[in-house]
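These notes concern the structure reproduced below.
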Amino acid sequence: MNKQNCRIAALQMVSGPRVGDNLKSATRLVDEAVAQGAQLVVLPEYFPVIGAVDADRVRAREAFGHGPIQDWLAETSARHGIWIVAGSLPLAASVPDKMRNATLVYDARGACVQRYDKIHLFGFRKGEEHYDEAAFIEAGDQPVAIDTPFGRIALSICYDLRFPELYRALSPVDLILVPAAFTDTTGRAHWEILLRARAIENQCYLLAVGQGGRHESGRQTHGNSMIIDPWGEILDRKMKGPGIAIADLDHARIAEIRQSLPALAHRKL
């Protein structure tokens, strides 16, 4: 397959508890990205709903292949003739009180062509701030990449970023996607460092798109969505609030870097 250069866009949001409102916000961002020439757009983790408690997301879950969130994704991608990656949405799990945190990929015809369920579940406790995703999420168990007209794309979600072996298992790829709802505490310390490292060590583009601001529940997410090239250079970023980071994915740039520094070919393990 001949790989096409393309314009890629990260659509940063500050999602709230009402799915309908979040889909309206996402529609505006998709329209804006398409007006700037985007061919592949990526939404953040939990783009359809972030409520006051974890149970709000569980209640919003859909059966895979059915539901208003998935209908919106299919309709929007087909209407614009673009690829849309739903950073994550809640899907039904095998047990009634949990959900799957899943990325879905829609092609330019509006067909869902790939799914990835988050493997690594976040746990954190510092003072009054604490998170335990395993309490309400059923983990996935399979790394996933997808071949597209724009190249091979590795899928991941948020906390997966801290596990470089996930991306090594999928290497070589042309683009890594990291939709997230990184906490502001951990984001300030580690987000950019980890993102640039993953791009550099895999010699590929990386698009990271976050929730970015203060949510109705009071939760503060880090944002700082960015697109990084295979040399680790940040091509565009959006710090806080709803908005877009957009840049071009250039396969000649990938080839140039891999030829001049053939680190992937030098791997021993």
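The values are calculated or read from the model by the stated rules, or taken from the named source; none is laboratory data. Computed from a predicted model, the values in this text were never measured in an experiment. As a convention, Cβ positions derive from the backbone with ideal geometry for all residues, glycine included, and neighbour counts pool all protein chains shown.
Mind listing whichever residues of the range 195-219 are part of a strand (DSSP E or B) and within 16 Å of PRO179 (Cα to Cα)? Before the answer, list the steps.
Quick first cut of the range 195-219, residues part of a strand (DSSP E or B) only: 205-211, 214.
Passing the criteria: TYR205, LEU206, LEU207, ALA208, VAL209, GLY210, GLN211.
Taking the criterion of being under 29 Å from HIS190 (Cα atoms) and not charged (D, E, K, R), would at least one residue in the range 55-72 satisfy it? Full working, then the answer.
To start, the set of residues in the range 55-72 that are under 29 Å from HIS190 (Cα atoms) comprises 55-58.
Now narrow it down to the ones that are not charged (D, E, K, R): 55, 58.
Yes, the range 55-72 contains a residue that is under 29 Å from HIS190 (Cα atoms) and not charged (D, E, K, R).
Residues that are aromatic (Phe, Trp, Tyr) and touching a strand residue (DSSP E or B) at 6+ places or on another chain (Cβ under 8 Å): find the strands (runs of 3 or more DSSP E) completely inside the range 1-108 holding 1 or more of those.
Details: elements: 6-12, 40-42, 83-92, 99-106.
Per the criteria, 83-92, 99-106.
Restricting attention to the range 210-229, report how many residues are crowded, with 24+ Cβ neighbours inside 10 Å and either within 30 Å of PRO262 (Cβ to Cβ) or in contact with a His (Cβ under 9 Å, 6 or more places away or on another chain) (or both).
The number of residues fulfilling the criteria is 7.
Give the range 223-269 a look and list any residue that's assigned to a loop (DSSP other than H, G, I, E, B), of a type in the set (Gly, Ala, Ser) and touching a strand residue (DSSP E or B) at 6+ places or on another chain (Cβ under 6 Å), or say none.
GLY223 - this is the single residue of the range 223-269 that is assigned to a loop (DSSP other than H, G, I, E, B), of a type in the set (Gly, Ala, Ser) and touching a strand residue (DSSP E or B) at 6+ places or on another chain (Cβ under 6 Å).
Could you grab me the full set of residues in the range 247-269 that are in contact with a Cys (Cβ under 7 Å, 6 or more places away or on another chain) and basic (Lys, Arg)? Can you show your working first?
Of all residues in the range 247-269, those in contact with a Cys (Cβ under 7 Å, 6 or more places away or on another chain) come to 249, 254.
If the condition is that a residue be in contact with a Cys (Cβ under 7 Å, 6 or more places away or on another chain) and basic (Lys, Arg), then no residue fits.
On the given criteria, is ARG7 more than 16 Å from PRO242 (Cα to Cα) and out of contact with any helix residue (DSSP H, G or I) (no Cβ under 8 Å at 6 or more places or on another chain)?
Working: more than 16 Å from PRO242 (Cα to Cα): yes; out of contact with any helix residue (DSSP H, G or I) (no Cβ under 8 Å at 6 or more places or on another chain): yes.
Answer is yes for this residue.
With the structure loaded, tell me whether ALA93 is surrounded by fewer than 20 Cβ atoms within 10 Å (Cβ to Cβ), modelled with pLDDT of 95 or more and of a type in the set (Gly, Ala, Ser) or whether it fails that test.
On the way: surrounded by fewer than 20 Cβ atoms within 10 Å (Cβ to Cβ): yes; modelled with pLDDT of 95 or more: yes; of a type in the set (Gly, Ala, Ser): yes.
Yes, satisfied.
Only one of SER25, SER15 is touching a residue at least 12 places away in the same chain (Cβ under 8 Å), buried (at least 24 other Cβ atoms within 10 Å of the Cβ) and within 19 Å of the chain's Cα centre (by Cα); which?
Numbers: SER25 fails: buried (at least 24 other Cβ atoms within 10 Å of the Cβ).
Selected residue: SER15, the only one of SER25, SER15 that is touching a residue at least 12 places away in the same chain (Cβ under 8 Å), buried (at least 24 other Cβ atoms within 10 Å of the Cβ) and within 19 Å of the chain's Cα centre (by Cα).
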